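Only one structure is covered here, and it is reproduced in the block below.
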Amino acid sequence: MNKKIAYSILLVALLVAPFGMYPVLLMKLLCFALFACAFNLLLGFTGLLSFGHAAFFGGAGYVAGYAIQTLGLSFEVSIVLGVVAAALIGLLMGLLAVRRQGIYFTMITLALAQMFYFVCLQAPITGGEDGLQGLPRGKLFGLLDLSNDLSMYYVVLALAVAGFALIVRTVHSPFGQVLKAIKENEPRAISLGYDVDKYKLLAFVLSAALAGLAGAVKTTALGLASLTDVEWTMSGLVILMTLVGGLGTISGPIVGAVLVIGLENRLGDIGEWLANTTSVEWFRTLGDSVSIVIGFIFVICVLLFRRGIVGEAVAWLAKKPIRKPS
Amino acid sequence: MEIFGIPLQALLSQLLLGLVNGSFYAMLSLGLAVIFGLLNVINFAHGALYMMGAFFAWMGLTYFGLGYWEMLLLGPLVVGLFGIIIERTMLRWLYKLDHLYGLLLTFGITLIVEGVFRSIYGVSGQPYSVPDALAGATDLGFMILPNYRAWVVFASLAVCLATWFVIEKTKLGAYLRAGTENPKLVEAFGINVPLMVTLTYGFGVALAGFAGVLAAPVIQVSPLMGSNLIIVVFAVVVIGGMGSIMGSIVTGLGLGVIEGLTRVFYPQASATVVFIVMAIVLLIRPAGLFGKEK
Amino acid sequence: MKRKTMKFGHKAISLAVAAALGFTACGVAQAQMSGSEVKIGFITDLSGVYSDIDGQGGVEAIKMAIADFGGSVNGKKIELLTADHQNKADIASNRAREWFDQQGVSLLIGGTNSGTNLSMAKVAAEKKKPYIAIGGGTARLTNEDCTPYTIHYAYDTVALAKGTGSAVVKQGGKSWFFLTADYAFGASLESDTARVVKAEGGTVLGDVKHPLSASDFSSFLLQAQASKAQILGLANAGGDTVNSIKAANEFGITKTMKLAGLLMFINDVHALTLNLTHGMYLTDGWYWDQNEETRKWARRYFDKMKKMPSSLQAADYSATTQYLMAVKATGTDDPDKIMAYLKKTKINDMFAKNGYVRADGSMIHEMYLMQVKEQSESKYPWDYYKVVQAIPGEQAFTTKAETKCSLWK
């Protein structure tokens, strides 16, 4: 009941946002927020660190881009194809990766995603280094022309909200409870009779499919499918968003995504402002050093801020004494 | 003379190049295995530290006039020192936590180190020439052997085997292996385990630095030279399993050779062949070829 | 009751934090559409494999053009925005889109890298704003991918093929093997050159593709050598060309094959020295030592940058000046009027004589087949080229019979 009020406030804010802010940037934020939430389903709630989520994000983007441009399919069909592709890649990757535990699982996902990267680099249909450019947005259900930024924004918002709602539903379902049990104590879950590998695989595929949704939408919104979206640095970026926002919290990844993408886009401006206020000229070059700043945030988060922003906020609130009138 | 339609000269040259790459894989996966064995940390920064080794070699020459041979000794020492600082100030707080935090921390360090070098030196490589003593090539009759690349294979094998010897056959190595299995017990015997851990990290990292100095004349010294290499090394490590030192060496060299052969017969797959091998090994022997499931 | 209040507190705060962060992170200062300024945007490779031939030097050249013009046009101040696309098409196109939407940029200039040029051209066409491609070479910009708003200014892969390719074949280099940078530029250059080679009676024995900014060319060169072709065509540029030539020398490839540098700039020759490049043919649109006018500008550039300008940097200067003159002459920065003006006005400055912009967007001007001097022929620093042949623009670039551009039929 109260959660609904809080989320409603955010929804209203998002509904009016494009009138004050650049819609394309907002769409990018929404897609990355969904990506981070999908990733968190696997890391925060199942305890599996995948370093290869870019394969789903970027792979779906390529499939959707190819479908909408070369095959001339409509927007909805292209997005669905992207999601299905991501789920399939997730299935294949998951089947291999769940054979190992812990850190090996992570390394396998990284290696398989890198293999996928090279395939994307060399395959002629992905356009290699140039990527797929000038993607049209098409019409939604043949009716709504999406080349208008505002219309596209509301469609993206609807899809992101739907994806997010699915994640919330999953986490609170019996399936989600089993995932949490696996995260906390896998041997105990096994001893209780759960086919742990199957649950992990299912979570993996679901996470991949939703990451694919985010990727397919982002690609059509920005009009370009490129190698950047399948590079391992993209996988690292989504880990950072989740870590900074708060592992294992539901809204944490949203905060993390907004912060990281906002930082990426505005670091140059922040650098200018810092240079002007502190008269330290070096800050002006901050815009070129995005990865250094991101690296720093990573290091600080891992050492000091492990619960992430939302995690720390929740923990801090829990410590406050509740006054109840007697 | 031709084998399967490929002239012998071309085949052997690619094989040699494959051995050279394999030597780097072996040295880097060896360092990773040593660090993982004792610290339980996957050192993502290994690639960046390898890059630092190469850059220090270049810096030594450009700023201090120190030649290749001096930097071959100095480079790994400086990188090792840097590693010790990282371990003392940051890594040690994470030992009690889940593995993934160690990976994430070293990932963050990679971003910082690469970013700093990139902002100073740009992305294009700096040239570093082969030292005079090793320049040129020897004509063996059936192939022309570039001297420097032969040296790389020789030096890395020597270093890897020396490491293997120390760890498997000496008392110091015995303490290390015992410390991996049961640190509390080893500490009870009076061995300073934290110090051993720090020095082990420093050594593993110095191995990466050494590989970097070796690589400098062969590859463009660029800030990104470590990143793509490290992921292949991860695949090598998964294939070999991180159980044994000899396993890492053999796997690294073997995969380099396989990659070289692929370049001759089916070049399009050369970038992905290591990952394909990894997928196959995972299906047949999930613990890796030489691994013991931890 | 207690629990519910706590939960509400948590959720509300976390979401409020999300919203607040979102708005702070995004909405620092909302830039307005320019009414009081004319903004020129320049996106190029500032830090990577192509940073020498254009890069920061190109930025300086454009700044010189703006300063020489007086810093303002039609009473409005001229502002220059620059960005580094790091050879990534998505960074280039996202930045271009943002500049058009948010900053009201009136002219976008494309630096090096054909892939980024293609993506930026598409964005400019979508936004209906003028786009001058300078650094990128792919002839697709004026063929399959031509738009009413693209001008391809300095050179393209067809001119390179017809210049260098033809000259090498005529010299006796009949069998070719290509070492190609694996993206739009390399592919265009290889296919355009292969066509010329075959038309002149030569053969193409094969190719090997290398990733952009490759670190180690040894295995690719070994494959090239195994082909036993006479000529190794280097379908790459900048740092890649420099490294391929160095590696080819190291591996003794030059003993059995001749190198044809299909795109070379003076910075590459300077980096490699005449020792490794003497005798090589190259095609370019401009050379600093051609006449008094070029020398004068080149010396001004040299004073700032301490190196001689490449043809790209000279083209940056020229294109900016021509655009500003068009704005002054038409009294507006309306894209359609500017494009119409540019397409009907002759270009006469230190970069080109009697140049003109064709219907397909190509800036037609003389191209020069040049050869790198021998060490003994070079009398002073940067004295690297001798002009072998001047190729008239109509012959060098795509002809009407060959064109794939729908705007020029």
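Just so you know, all these numbers are worked out from the coordinates, no wet-lab data involved. Note that the coordinates shown come from a computational prediction; the quantities given were computed from them, not determined experimentally. Using ideal geometry, Cβ is built from the backbone for each residue, glycine included, and neighbour counts are taken over all protein chains shown.
Residue by residue, what Karplus-based ³J(HN,Hα) values in Hz, rounded to whole numbers, does the range B:31-47 have, using 6.51, -1.76 and 1.60 with θ = phi - 60° and x for Gly and Pro?
x, 4, 5, 4, 5, 5, x, 8, 9, 6, 10, 8, 7, 4, 6, 3, x
Rounded to the nearest 20 debye, what is the charge dipole size of the protein assembly as shown about its Cα centre when +1 sits on each Lys and Arg Cβ and -1 on each Asp and Glu Cβ?
The calculated dipole for the protein assembly as shown is roughly 3060 debye.
Output the 0 to 90 degree angle, nearest 10, between the alpha-carbon long axis of helix C:292-305 and the longest principal axis computed from the alpha carbons of chain C.
Here the helix axis deviates by roughly 50 degrees.
How many nm separate the modelled label positions at B:Ile144 and C:Ala199, each set 7 Å beyond the Cα in the direction of the Cβ?
Going by the 7 Å Cα→Cβ label model, 3.6 nm.
Report the label-to-label distance for A:Asn148 and A:Leu15 in nanometres (one decimal), using points 7 Å from each Cα along the Cα→Cβ vector.
Between A:Asn148 and A:Leu15, the simple spin-label model gives 1.8 nm.
For chain B, what is the relative contact order in percent, using Cα pairs closer than 8 Å and at least 6 residues apart in sequence?
Details: 431 pairs, mean separation 110.8, N = 294.
For chain B, the relative contact order is 38 percent.
At most 10 other Cβ atoms within 10 Å and a DSSP loop assignment: could you name the trypsin sites (Lys or Arg not before Pro) in the range C:300-386 that fit?
Sites meeting the loop and neighbour criteria: C:Lys306, C:Lys346, C:Lys379.
Looking at the square roots a ≥ b ≥ c of the eigenvalues of the Cα gyration tensor of the range C:52-184, which shape do they give, rounded for a/c under 1.5, prolate if a/b is larger than b/c, or oblate?
prolate
Between C:Thr82, C:Thr112, C:Thr241, which gets the highest mean-square fluctuation from a Gaussian network model of chain C, Cα cutoff 10 Å?
Evaluated over chain C, the most mobile residue of the options is C:Thr82.
Summarise the partner chain shielding of C:209-218 as one whole number: the mean count of Cβ atoms from other chains within 10 Å of each residue's Cβ.
The per-residue average across the peptide is 5.
Sequence-distant or interchain residues sharing an amide H contact under 5 Å with C:His210, placed H: which?
Correct list: C:Thr180, C:Ala181, C:Asp182.
Using each residue's phi in the range C:111-121, evaluate 6.51 cos²θ - 1.76 cosθ + 1.60 at θ = phi - 60° and report the 3J(HN,Hα) Karplus result to the nearest Hz, with x for Gly and Pro.
x, 6, 5, 5, x, 5, 4, 4, 5, 5, 4
On a 0 to 90 degree scale, rounded to 10, what angle separates helix B:68-89 from the longest Cα axis of chain B?
The answer is roughly 30 degrees.
With unit charges on the beta carbons (Lys and Arg positive, Asp and Glu negative) and the dipole taken about the Cα centre of the range B:64-188, which residue among B:Gly122, B:Leu77, B:Gly136 sits farthest to the positive side?
Farthest along the dipole direction, towards plus: B:Leu77.
Between C:Lys346 and C:Gln395, what is the label-to-label distance in nm when each label sits 7 Å out along the Cα-to-Cβ direction?
For C:Lys346 paired with C:Gln395, the spin-label model returns 2.1 nm.
Quick one: which residues, 5 or more positions from C:Val38 or on another chain, have an amide H under 5 Å from its amide H? H modelled 1.01 Å from N in the peptide plane, none for Pro or chain starts.
Counting only residues 5 or more places away or on other chains, the set is C:Lys77, C:Ile78, C:Glu79.
Mean-square fluctuation check for chain A, GNM, Cα pairs under 10 Å: which of A:Ala158, A:Ala257, A:Ala97 is largest?
Looking only at A:Ala158, A:Ala257, A:Ala97, the biggest GNM fluctuation is shown by A:Ala158.
In degrees between 0 and 90, to the nearest 10, how far off the longest principal axis of chain C does helix C:311-330 point, with axes built from Cα atoms?
50 degrees
Where both residues lie in chain C, what percent of DSSP beta bridges are antiparallel, nearest 5?
If I count the DSSP bridges inside chain C, around 30 percent turn out antiparallel.
Just to verify a number: FRET efficiency for A:Phe296 and B:Phe265, C-beta to C-beta distance, R0 = 60 Å, to 0.05?
Efficiency computed from Cβ-Cβ geometry: 0.85.
Starting at the first residue of the range A:110-119, write each ³J(HN,Hα) from the Karplus equation 6.51 cos²θ - 1.76 cosθ + 1.60 with θ = phi - 60°, in whole Hz, x for Gly and Pro.
These are the phi-based 3J(HN,Hα) values: 4, 5, 5, 5, 5, 4, 4, 4, 5, 4 Hz.
Given Cα pairs under 8 Å that are at least 6 residues apart, what percent is the relative contact order of chain A?
Values: 512 pairs, mean separation 96.3, N = 326.
Taking the mean separation of contacting Cα pairs over the length of chain A, I get 30 percent.
Taking R0 as 60 Å, what's the FRET efficiency between A:Arg169 and C:Lys353 from their Cβ-Cβ distance, rounded to 0.05? Each step should come with its number before you reach the end.
On the way: r = 70 Å, r/R0 = 1.17.
Between A:Arg169 and C:Lys353 the formula returns 0.30.
What's the extension gain from B:Ile280 to B:Ala174 if we count 0.36 nm per residue and subtract their Cα-Cα distance?
34.8 nm
Calculated FRET efficiency, A:Lys180 and B:Trp69, Cβ-Cβ r, R0 60 Å, to nearest 0.05?
Result of the calculation: an efficiency of 0.55.
With +1 on each Lys and Arg Cβ and -1 on each Asp and Glu Cβ, how big is the dipole of the range B:25-145 about its Cα centre, in debye rounded to the nearest 20?
Details: 4 positive and 6 negative charges, 88 e Å.
So the magnitude is around 420 debye.
Do the sum for chain A: with -39,500 (n - 2.57) for every DSSP H run of n ≥ 4, divided by all residues, what is the mean residue ellipticity at 222 nm, to the nearest 500 deg cm²/dmol?
Details: 13 runs with 234 residues, N = 326.
Computed ellipticity for chain A at 222 nm equals -24500 deg cm²/dmol.
If you restrict to DSSP beta bridges whose two residues both lie in the protein assembly as shown, what percentage is antiparallel, to the nearest 5?
Values: 24 of 59 bridges.
In the protein assembly as shown, DSSP labels about 40 percent of beta bridges as antiparallel.
Over chain C, what lengths in whole Å, largest first, do the semi-axes of the equivalent ellipsoid take, defined as the square roots of 5 times the eigenvalues of the alpha-carbon gyration tensor? Provide the component values of the computation, followed by the final result.
Details: eigenvalues 315, 154, 83 Å².
Rounded to whole Å, the semi-axes are 40, 28, 20.
Does chain A classify as rounded, prolate or oblate by the C-alpha gyration tensor (a ≥ b ≥ c root eigenvalues; a/c under 1.5 gives rounded; else a/b over b/c gives prolate, otherwise oblate)?
The shape class here is rounded.
Per the Kirkwood treatment, what hydrodynamic radius in Å, one decimal, follows for the protein assembly as shown from the mean inverse distance over all distinct Cα pairs? Please list the in-between numbers first.
Numbers: mean 1/r = 0.0331 Å⁻¹.
Computed over Cα pairs of the protein assembly as shown, the Kirkwood hydrodynamic radius comes out at 30.2 Å.
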